[in-house]
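Report on the following structure.
The values are calculated or read from the model by the stated rules, or taken from the named source; none is laboratory data. Nothing here was measured: the structure is a model prediction, and the numbers come from that model. Note that we place each Cβ from the backbone using ideal geometry, even for glycine, and neighbour counts take in every protein chain shown.
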Amino acid sequence: MASAEVETPQPALHTNPNGGGISEEAAESTFQEVDDSDRIVPAIEFRDVHLGFDDRKVLNGLSFKVMKGETKIILGGSGCGKSTTIKLVLGLLKPDSGQILVDGEDITNHTEVEMMKVRKNIGMIFQEGALFDSLSVYDNVAYRLHEQGVPEAEVEEEVRRMLRFVNLEDAIDKMPIELSGGMRRRVGIARALVGGPGVVMFDEPTAGLDPPTARTICELAIKLRDLEDASSIFVTHEMNNLDYLTSEYAVVDDTGEIIYEKEGERLCLTNTKILMMRDGQVIFSGTDEELRKSSDTYINKFIRGY
Amino acid sequence: MNIATRLLIEIQETTLLAARALRGIFKRPTYINETIAQMDVIGVGSLTIIMLTGFFTGGVLTLQTYPTLKYYGAQDQTGYLVALSLVRELGPVLSALMVTGRVGSAISAELGSMVVSQQIDAMRSLGTDPDRKLVMPRVIALVLMLPLLTVVADVVGICGGWTVATTLYGMAPGMFFSSVRQGITANDIFGGIIKPLVFGLLIAAVACRQGLKTEGGTVGVGRSTTTAVVTASIVVIITDFFLAKALQVLLDMPT
């Protein structure tokens with residue numbers, strides 16, 4: 001069932017199935033990036049991945065691709081294998097069978113030492129932020145750079161730049177315990193983005209946050225996708241996250257400010273696809289419009305809640 | 001899985017963890033700062049309890065043995081007996097048990113909380129090997145600090161014995177120490193330092209392993225802390241017996 005619905009590589013930009021074209025400015029700014037031969041190699045690819053813990057099957061033949069520059073939203077109820085999928089990409093877990101490729105490189109049988117190199121290009125944002133309690137916000141964000149022995153002056157510059165990106169420069173000297181839930185996640189995002197990873201993964205980043213804070217987190221994901229050209233996996237089960245990510249795009253206006261615009265009725269500019277999982281399998285893969293038109297009862301129940 | 005299989009797996013995993021932590025000991029990054037910080041927490045931090053334990057153990061040894069020795073007219077040998085018991089057995093074992101309670105539980109709880117709050121996963125995803133960043137400094141610190149703490153316990157314990165002998169039993173101040181000097185050999189001291197080296201390694205490996213395998217939220221942290229302390233204590237006492245026998249043979253002590 002799963003393999004039939006696996007998508008084939010597509011160009012990063014796609015048009016709305018309802019028809020319509022692409023505005024000239026958008027085409028200009030986006031197509032420059034897209035015309036790149038290594039883009040046909042997916043950033044992440046799963047090929048028939050199986051994984052079980054004891055007697056329980058968590059992933060049952062999972063296959064999908066995340067193209068370069070694309071944001072893939074993974075939807076699904078609790079316990080359907082979403083977080084496990086992300087851990088597999090990082091090599092924190094190993095599959096029982098199947099293949100996992102990151103940037104075309106087969107990481108399935110990589111040792112921990114080999115994985116360290118792959119992880120350098122991956123930024124991971126954990127559910128609760130997973131900040132190091134014993135380190136200040138500065139040291140948390142600087143963690144990767146400190147480990148690499150980067151000179152302190154460069155570290156400080158990069159940390160401040162990243163904290164500005166998540167709008168938290170004021171909190172630089174605080175300890176994680178002093179931060180609110182939303183701030184912790186944003187520090188987690190800043191920490192994951194240090195070093196400019198090509199792939200960013202969000203594990204339910206908005207769970208338990210109030211709507212404005214959740215919106216801020218989604219804006220960061222949109223900013224990453226549209227302005228930093230990162231490929232990402234965004235695991236969530238909240239439908240408003242999906243609305244933001246599939247309908248809005250970030251642009252820089254004349255004054256240099258980043259603004260978020262909604263895509264038009266006839267135009268789909270956002271490079272975001274949706275993957276829906278159930279019982280360790282893909283039950284849907286496609287755009288948000290296709291998801292909403294789906295006749296599957298489980299999907300409908302998931303989207304509308306009844 | 002039956003209990004024997006589980007036990008074997010635990011022994012294997014704990015050994016592998018210690019081996020992985022120590023294999024890259026000279027590789028960069030060396031984590032010297034972390035190691036020194038752990039030595040401070042483990043060594044300096046445990047000084048007070050070790051001194052208290054040592055002093056009163058030495059004291060009670062004198063208290064209990066002096067009357068018996070006096071009955072046989074051998075009260076001038078009190079210092080020798082107290083020092084020998086402390087240096088060979090009580091110093092290493094009691095220090096190891098105190099450090100297990102104070103440090104082993106802390107290590108296990110800290111690492112366990114880090115597992116539960118996904119900090120270990122975060123560390124790995126940021127390209128750091130937790131076996132080297134977290135386990136190695138703790139193992140090195142314990143292996144280096146426990147022998148030093150044991151020596152402190154021995155010395156303070158002998159002083160405790162002397163205090164009781166001179167104040168409660170009215171022994172001449174010089175007599176206690178002269179019997180200590182005459183009785184204790186270099187081999188006793190050597191054996192008394194080998195033991196805590198081994199205990200330090202065992203306590204650190206068990207505590208780190210129990211912490212890192214924590215699962216099941218905060219309840220799991222409590223469970224792994226308990227397991228760490230109980231396991232490490234038992235391992236220390238059992239190992240002590242076999243080490244004592246091995247040292248008797250190796251150092252050619254009178255049996």
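Assorted remarks:
- Every residue from the stretch A:241-252 that is of a type in the set (D, E, K, R) and assigned to a helix (DSSP H, G or I): A:Asp243
- Which listed residue is in contact with a helix residue (DSSP H, G or I) (Cβ under 7 Å, 6 or more places away or on another chain), buried (at least 22 other Cβ atoms within 10 Å of the Cβ), at pLDDT below 95 and among the hydroxyl-bearing types (Ser, Thr, Tyr), from B:Ser85, B:Ser125, B:Ser95, B:Ser108: B:Ser125
- Taken together, the criteria place B:Val206 among residues that are within 19 Å of B:Leu243 (Cα to Cα) and in a helix (DSSP H, G or I).
- Taken together, the criteria place A:Ser83 among residues that are in contact (Cβ under 8 Å) with a residue 40 or more places away in the chain and within 14 Å of another protein chain (Cβ to nearest Cβ).
- Here the stretch B:20-51 is the region considered, the condition is being within 14 Å of another protein chain (Cβ to nearest Cβ) and hydrophobic (A, V, I, L, M, F, W, C), and the residue that is farthest from B:Val156 (Cα to Cα) is B:Ala21.
- Any chance B:Leu149 is at pLDDT 95 or above and closer than 22 Å to B:Thr15 by Cβ: no
- Test: B:Ser178 is in a helix (DSSP H, G or I) and surrounded by fewer than 20 Cβ atoms within 10 Å (Cβ to Cβ): yes
- Flag if B:Thr68 is under 30 Å from A:Pro176 (Cα atoms) and assigned to a helix (DSSP H, G or I): no
- Output for the stretch A:253-279, where each listed residue is among the hydrophobic types (A, V, I, L, M, F, W, C), in contact (Cβ under 8 Å) with a residue 12 or more places away in the chain and assigned to a strand (DSSP E or B): A:Ile258, A:Ile274, A:Leu275, A:Met276, A:Met277
- Residues in the stretch A:107-142 that are touching a Pro at 6+ places or on another chain (Cβ under 8 Å), surrounded by 24 or more Cβ atoms within 10 Å (Cβ to Cβ) and of a type in the set (A, V, I, L, M, F, W, C): A:Ile122, A:Ile125, A:Leu131, A:Val137.
- A:Leu193 closer than 28 Å to B:Asp129 by Cα, touching a residue at least 60 places away in the same chain (Cβ under 8 Å) and either surrounded by 18 or more Cβ atoms within 10 Å (Cβ to Cβ) or away from every other protein chain (no Cβ under 14 Å) (or both): yes
- Flag if B:Ala165 is more than 14 Å from the chain's Cα centre (by Cα), assigned to a helix (DSSP H, G or I), among the small types (Gly, Ala, Ser) and crowded, with 18+ Cβ neighbours inside 10 Å: yes
- Among the residues of the stretch A:106-142, those that are at the interface with chain B (Cβ under 7 Å from one of its Cβ atoms) and part of a helix (DSSP H, G or I) comprise A:Glu112, A:Met116, A:Arg119.
- Of all residues in the stretch A:182-212, exactly one satisfies the criterion of being acidic (Asp, Glu) and over 14 Å from the mean Cα position of the chain (by Cα), namely A:Asp210.
- Among all positions in the stretch B:175-195, there is no residue which is closer than 17 Å to B:Ser46 by Cα and away from chain A (no Cβ under 14 Å).
- From A:Leu163, A:Leu179, residue being within 22 Å of the chain's Cα centre (by Cα) and aliphatic (A, V, I, L, M): A:Leu163
- Considering the conditions (1) in a helix (DSSP H, G or I); (2) within 30 Å of A:Lys87 (Cα to Cα); (3) away from every other protein chain (no Cβ under 14 Å), B:Thr214 is excluded by exactly one of them, (1).
- The residue that is farthest from the other protein chains (Cβ to nearest Cβ), among those in the stretch A:93-104 that are among the charged types (D, E, K, R) and exposed (fewer than 15 other Cβ atoms within 10 Å of the Cβ), is A:Asp96.
- Matching residues, the stretch B:17-44, being surrounded by 15 or more Cβ atoms within 10 Å (Cβ to Cβ) and in a helix (DSSP H, G or I): B:Leu17, B:Ala18, B:Arg20, B:Ala21, B:Leu22, B:Glu34, B:Thr35, B:Gln38, B:Met39, B:Val41, B:Ile42, B:Gly43
- Taken residue by residue, the stretch A:159-182 has no member that is farther than 22 Å from B:Gln118 by Cα and within 11 Å of chain B (Cβ to nearest Cβ).
- Among the criteria (1) more than 19 Å from the chain's Cα centre (by Cα); (2) at pLDDT 85 or above; (3) of a type in the set (D, E, K, R), the one A:Glu290 does not fulfil is (2).
Okay, residues lined up against (1) free of Cβ contacts under 8 Å to residues at least 12 places away in the same chain; (2) of a type outside the set (Phe, Trp, Tyr); (3) under 21 Å from A:Ile86 (Cα atoms); (4) touching a strand residue (DSSP E or B) at 6+ places or on another chain (Cβ under 8 Å):
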site: A:Asp229; (1), (2), (3), (4): no, yes, yes, no
site: A:Tyr244; (1), (2), (3), (4): no, no, no, no
site: A:Glu248; (1), (2), (3), (4): no, yes, no, yes
site: A:Val251; (1), (2), (3), (4): no, yes, no, yes
